[in-house]
1. Looking only at residues that are open to solvent by 30 Å² or more (accessible area, probe 1.4 Å) and part of a helix (DSSP H, G or I) in segment B:22-47, which one is nearest to the other protein chains (Cβ to nearest Cβ)?
2. How about segment B:54-67: which of its residues are free of Cβ contacts under 8 Å to residues at least 60 places away in the same chain and open to solvent by 10 Å² or more (accessible area, probe 1.4 Å)?
3. Go through segment B:22-44 residue by residue and tally those that are in contact (Cβ under 8 Å) with a residue 24 or more places away in the chain and under 16 Å from A:PHE172 (Cβ atoms).
4. How many of the residues making up segment B:85-104 are assigned to a helix (DSSP H, G or I), in contact with a Lys or Arg (Cβ under 9 Å, 6 or more places away or on another chain) and closer than 26 Å to B:GLN51 by Cα?
5. Please indicate, with yes or no, whether at least one residue in segment A:245-256 is modelled with pLDDT under 95, touching a Lys or Arg at 6+ places or on another chain (Cβ under 7 Å) and more than 30 Å from B:SER256 (Cα to Cα).
6. Being in contact with a helix residue (DSSP H, G or I) (Cβ under 8 Å, 6 or more places away or on another chain) and either under 16 Å from A:LEU202 (Cα atoms) or charged (D, E, K, R) (or both) is the filter here; which residues of segment A:253-267 pass it?
7. Please specify each residue of segment A:228-263 satisfying the condition of being of a type in the set (Val, Ile, Thr), within 11 Å of chain B (Cβ to nearest Cβ) and assigned to a helix (DSSP H, G or I).
8. Going through segment A:215-227 one residue at a time, which ones are closer than 22 Å to A:LEU189 by Cβ and either in contact with a Pro (Cβ under 8 Å, 6 or more places away or on another chain) or assigned to a helix (DSSP H, G or I) (or both)?
Number of protein chains: 2
Amino acid sequence: MVSSKRTAFFISDGTGITSETLGRSLLAQFDSIEFAQVTIPYVDSIDAANQAVIRINKQADQDGIEPVIFDTIVDAEIRDILSSSRGILVDVFGSFLRPLEKALGVNSSYSVGKSHSIVDDQSYKIRIDAVHFALDNDDGARTRHYDQADVILIGVSRSGKTPTCLYLALQFGIRAANYPLTDDDLDDLRLPKALQIHRHKLFGLSIDPDRLAAIREERKSNSKYASINQCTQEVRGAEALYHRYNLPYINSTHASIEEISTKIISEAGLNRRLA
Amino acid sequence: MVSSKRTAFFISDGTGITSETLGRSLLAQFDSIEFAQVTIPYVDSIDAANQAVIRINKQADQDGIEPVIFDTIVDAEIRDILSSSRGILVDVFGSFLRPLEKALGVNSSYSVGKSHSIVDDQSYKIRIDAVHFALDNDDGARTRHYDQADVILIGVSRSGKTPTCLYLALQFGIRAANYPLTDDDLDDLRLPKALQIHRHKLFGLSIDPDRLAAIREERKSNSKYASINQCTQEVRGAEALYHRYNLPYINSTHASIEEISTKIISEAGLNRRLA
């Protein structure tokens, strides 16, 4: 399927996250090409731009084919330097800002770095508070702050609860607690009391038993915990519990953390706390 | 400065992260307009598209002005439905995929959702491992795994170490430990032994004392811990320590978690463990 290899550069005067995110989405549409990916952030000076051009041209020589460059640079002079390189330039801001200015009837501010600066004391606080909330309410150790949770994820050990809670916190400022379902909960098919009173906040995670076994095997090799029998039994129990209490749940097996998180927001109707 | 208010929709057949990230960067260039932001993910059916159109048109009525729509939808039929709405459509894939196909000399795969699917068992494992590494090596409680760390962040309490470590883990798969500098370390201006042997991995965080005091005040109101004197002394001590050992460090005061993280990667020359 893969017929050739190219390098893709994501270049920005800021963090590079916008050009990276967009560039990757676009490249994913070309599955016949294998792309090596390089991010060059903070290209906010003539000097940095010249260095980037040297790097791009060197890569072009090495690959024997022009790299693709996704840039989100606002400063015209810096962008001009980049466009002198031997790459195929996808000029993100250039493509959209002019048409948008026309449609909106106002000029945009072409200040360097402006586009990437998302600093805002209030947002920072919301995110940090959400991260600490996730950490303080991880793994069921404490349940007394569940009244402050936006959502409480439940699931068996290693079904993806903790990373999902942290992603919800960092990306969206959502306060997510998590509670691991134990054999006791699963044998009785009863929700623990601490969870029953917050039933409307519960969201279940499930996972295919063989995938779960593989993940647990990495952690505790050859253990009962990682055996396919144990994993199958726990997953079946968890799903039975979700059905019994009519709780929403998703299967995380073929999903990224981004997908799990955004589906939970969507299905549980959560409000993002960040703008 | 703000002259009007509009609504911006970020619409996607997947998580919505690409259209949101790009849309926000573009909107940040228009500081004379206040945008209310709405993300509608998983618009992957005719039905979902029709519902989105109803919502957009209703918003247009309410605002008295057309919303802006950033969409990353691959399916032509679904996109056509969206374009029938009363919004200003910024068609992200439409704008870039054709020119890219031409430049690269191959067709792209216009499969629904393809663009957003970043599921890959190996990446999942790397990210999860990095998250658990950050959690297990948070706050200096354990130092024996520092040999496996890619970077060890040091700084005073509440200077942003933990959220940064978690962001590095989730976004880049980087294994980041963190160690809080205590009064003992700062009084002696000596690095603890556990850190000295990993000196090449250390990266310092600093923060303006008044900002630190405000953050700590939220946590422990009217405490010595949150007093401006204590904060000033700790920050001065931390910076003196960084200088004494010639450690790289950044000031997190006016930076987002994304900026802190990407600057650390850039300045410490860290390798991302994800693609």
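1. Only one residue tops the list, namely B:ARG24.
2. B:ILE54, B:ARG55, B:ASN57, B:LYS58, B:GLN59, B:ASP61, B:GLN62, B:ASP63, B:GLY64
3. Of the residues in segment B:22-44, 7 are in contact (Cβ under 8 Å) with a residue 24 or more places away in the chain and under 16 Å from A:PHE172 (Cβ atoms).
4. Counting residues in segment B:85-104 that are assigned to a helix (DSSP H, G or I), in contact with a Lys or Arg (Cβ under 9 Å, 6 or more places away or on another chain) and closer than 26 Å to B:GLN51 by Cα gives 2.
5. Checked against the condition, which is being modelled with pLDDT under 95, touching a Lys or Arg at 6+ places or on another chain (Cβ under 7 Å) and more than 30 Å from B:SER256 (Cα to Cα), segment A:245-256 yields at least one hit.
6. A:GLU258, A:GLU259, A:ILE260, A:SER261, A:THR262, A:ILE264, A:ILE265
7. Start the filter on segment A:228-263 by keeping residues that are of a type in the set (Val, Ile, Thr), which leaves A:228, A:232, A:235, A:250, A:253, A:257, A:260, A:262.
Now drop any that are not within 11 Å of chain B (Cβ to nearest Cβ), which leaves A:253, A:257, A:260, A:262.
Selection gives A:ILE257, A:ILE260, A:THR262.
8. To start, the set of residues in segment A:215-227 that are closer than 22 Å to A:LEU189 by Cβ comprises A:224-225, A:227.
The answer is none; no residue qualifies.
The values are calculated or read from the model by the stated rules, or taken from the named source; none is laboratory data. Worth saying up front: this structure is predicted, and the values here are computed from it rather than measured. Cβ sites come from the backbone with ideal geometry, for glycine too, and all protein chains shown count toward neighbours. Just the protein is used for accessible areas: all its heavy atoms, side chains included, with ligands, DNA and RNA removed. Shrake-Rupley method; radii C 1.70, N 1.55, O 1.52, S 1.80 Å.
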